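Novice: If you scroll down you'll find the structure; I have some questions about it.
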Amino acid sequence: MSLQANQSLGQTPLDSRQAIKLLLKAVGGLIALLSIALLAPFVMAVVNGEKEQWTYLTLSILGLVVGLLLFLQPVGDAKLRARQVFLLTSLCWISASLFATLPFIFAQPYMDFSSAWFESMSAITTTGATVISGLDDLPASVLLWRAMLQWLGGIGIIVMAMAILPFLQVGGMRLFQAESSDMSGKFMPRSSHMVMAIGRVYLILTAAVVGLYLVGGMGSFDAFVHGMTTIGTAGFSNYDASFGHFSDTPFLIITGTIFMVAGALPFVLYIRLLKRDFEPLWKDTQVRAFVTFLIIAIALITLVQIVKGREFGDALMHTAFNVVSVVTTTGYATEDYGSWGSWSLMVFFYLMFIGGCTGSTSGGMKIFRFQLSQLLLRKQFSQLIHPNLVSVQTYQDRRVNDSLLGSMVAFCFMYFLLIAVIALGLSLFDLDFLTAISGAASAVGNVGPGLGEIIGPAGNFSSLDSGAKLLLIFAMLAGRLEIMTVLILFHRHYWRH
């Protein structure tokens, strides 16, 4: 972008030092906020008399001091350019995940760096893959920190960013777009108001699911932790058996299923619900396609389970929960669905690619991209049959131009290419084909567990080599930030101006 173009946009050109100061200011503010959040595990450790309680307090104080020193540095009236928001977004997620590793390293479970970073990146990207075994015996403070990271890694971290971005004079809507490719229209006066409204909805939904978990018989700590990781479509549990620990309580399984779906719907629609505008929720094209797909997938797998002799109610309940968990990229499991047969195993592999709706906490490719692909395919067929036909493609009553379709095709190409490259890299560490390909797909889609005996629902990622974990860390980050936000930083032209 030329200097004249920047001036025509009303932006003050930044030299490298100003840009670095602004970026460090944002990173410092985020670290300061995470340091304050670290006081919650400290309080939990004090209440339970855990020996690492002072470790949490020390890390919190050190993080707060460093964060404030970076955040309070003067930057004048300088502004970030729009293109630098991509770098800002990636830096925020990387710095947050690196700071979040410290409690895993210096307190129980005393991980090595690659394992700790894997756990924190999985948490903050709401992937849900874990390298920790023996969750049932871990201190409550560690379990709380994992859950809080996942909760903040959903919409909550965007609300946190709103406390930082106004000082940088960067609209919060840009960060939201850079992270989740939200196509929903701005219907509130200011983007900051919209993001704060999304935060309120997030809190309401979290409180609702926590309350229902309590009613269903969960203990208060379990309800709080699983409530945060359910609505964040994140998937960390307090138990090695994941949500299967509660498999004897249908009410809890049904509640979890419903709220995983709720977390995968566009949050802007909830804001309209609060304004008593109910029509968009059932007329939204994306929502209808998402719910329809879930019903079909659940019905087919349930039918296969019944044919194999399973009782209808039990088959429907567990199939619905696990299908919703994978499609919404939550990562919970009530059973090892890898043992349901080769057909079900293949279906669950396909489900890893779907994802929820745009503007939600879920990962994956998102439903709207499949709908746009259908529009593109229909257009190609029409042009093959009628070469001179001129038609207008629409989605959600909006015109879809060739530029948008082209960017969608580019994203899908890079999505599958990244999975292929990551899977190839994982194979260098002597992982079998199913583990490598499902691990790559799970990481890029932020799904959580992979398939197979090693990283499937009944296993975890602890046995992987450090190099494999680092590959998956990059895949989780790229997948969470919609791939292009991260990959554009590797393009040489990005750094030339």
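Novice: In region 207-220, how many residues are exposed (fewer than 15 other Cβ atoms within 10 Å of the Cβ) and either part of a helix (DSSP H, G or I) or in contact with a Leu (Cβ under 9 Å, 6 or more places away or on another chain) (or both)?
Specialist: Going through region 207-220 one residue at a time, the tally reaches 5.
Novice: Let me ask something additional. I'd like to know if region 141-159 contains one or more residues that are at pLDDT below 50 and either crowded, with 21+ Cβ neighbours inside 10 Å or touching a helix residue (DSSP H, G or I) at 6+ places or on another chain (Cβ under 9 Å) (or both).
Specialist: no
Novice: Of everything in region 181-217, what is among the charged types (D, E, K, R) and at pLDDT 85 or above? Give them in sequence order.
Specialist: Once the filter is applied, which keeps residues that are among the charged types (D, E, K, R) and at pLDDT 85 or above, region 181-217 yields only R200.
Novice: Looking for something of a type in the set (S, T, N, Q) and at pLDDT below 95 - is there at least one such residue anywhere in region 14-33?
Specialist: yes
Novice: Could you list, ordered by first residue, the pairs with Cβ atoms under 6 Å in which the first is in region 380-407 and over 20 Å from F368 (Cβ atoms) and the second is of a type in the set (G, A, S) and surrounded by 11 or more Cβ atoms within 10 Å (Cβ to Cβ), at least 6 apart or interchain?
Specialist: Going by the 6 Å Cβ cut-off, the qualifying pairs are L389/S382.
Novice: Only one of L102, L88, L80 is open to solvent by less than 10 Å² (accessible area, probe 1.4 Å) and in a helix (DSSP H, G or I); which? Give the derivation first.
Specialist: Details: L102 fails: open to solvent by less than 10 Å² (accessible area, probe 1.4 Å); L80 fails: in a helix (DSSP H, G or I).
One residue alone meets the criteria, L88.
Novice: For region 357-378, name all the residues that are open to solvent by 30 Å² or more (accessible area, probe 1.4 Å) and without any contact (Cβ under 8 Å) to a residue 40 or more places away in the chain.
Specialist: Correct list: S373, Q374, L376, L377, R378.
Novice: Out of all the residues in region 454-497, which are part of a loop (DSSP other than H, G, I, E, B), open to solvent by 30 Å² or more (accessible area, probe 1.4 Å) and touching a residue at least 60 places away in the same chain (Cβ under 8 Å)?
Specialist: A458, S462, H497
Novice: For L281, which of the numbered conditions (1) open to solvent by 20 Å² or more (accessible area, probe 1.4 Å); (2) at pLDDT 95 or above; (3) more than 19 Å from G313 (Cα to Cα) fails to hold?
Specialist: (2)
Novice: Does F474 qualify as being touching a helix residue (DSSP H, G or I) at 6+ places or on another chain (Cβ under 7 Å) and closer than 19 Å to V131 by Cα?
Specialist: No, not satisfied.
Novice: Could we say that F251 is at pLDDT 90 or above, part of a loop (DSSP other than H, G, I, E, B) and farther than 18 Å from V323 by Cβ here?
Specialist: no
Novice: Moving on to the next point. Just wondering, is there one or more residues in region 116-127 that are on the phi > 0 side of the Ramachandran plot and open to solvent by 50 Å² or more (accessible area, probe 1.4 Å)?
Specialist: Within region 116-127, not a single residue is on the phi > 0 side of the Ramachandran plot and open to solvent by 50 Å² or more (accessible area, probe 1.4 Å).
Novice: When region 332-342 is examined, which residues are found to be open to solvent by less than 10 Å² (accessible area, probe 1.4 Å) and part of a loop (DSSP other than H, G, I, E, B)?
Specialist: Once the filter is applied, which keeps residues that are open to solvent by less than 10 Å² (accessible area, probe 1.4 Å) and part of a loop (DSSP other than H, G, I, E, B), region 332-342 yields Y332, A333.
Novice: A further question on this structure: For a quick check of your reading of the model, give me the residue pairs whose first member lies in region 56-72 and is under 17 Å from M44 (Cα atoms), whose second is surrounded by fewer than 15 Cβ atoms within 10 Å (Cβ to Cβ) and modelled with pLDDT of 95 or more, with beta-carbon atoms closer than 7 Å and at least 6 apart or on different chains.
Specialist: S60/L39
Novice: Restricting attention to region 344-397, report how many residues are outside any helix (DSSP H, G or I), more than 28 Å from L477 (Cβ to Cβ) and either in contact with a helix residue (DSSP H, G or I) (Cβ under 7 Å, 6 or more places away or on another chain) or not acidic (D, E) (or both).
Specialist: Taking region 344-397 as the starting set, the residues that turn out to be outside any helix (DSSP H, G or I) are 352-366, 386-397.
Okay, now just the ones that are also more than 28 Å from L477 (Cβ to Cβ), so 386-397.
From what is left, the residues that are either in contact with a helix residue (DSSP H, G or I) (Cβ under 7 Å, 6 or more places away or on another chain) or not acidic (D, E) (or both) are 386-396.
Total meeting the criteria: 11.
The values are calculated or read from the model by the stated rules, or taken from the named source; none is laboratory data. As the structure is a prediction and not an experimental result, all values here were calculated from the model. Neighbour counts are summed over all protein chains in view; Cβ atoms, including those assigned to glycine, are modelled from backbone coordinates with ideal geometry. Note: accessible area is taken over every heavy atom of the protein model, side chains too, but ligands, DNA and RNA are not part of it. Shrake-Rupley method; radii C 1.70, N 1.55, O 1.52, S 1.80 Å.
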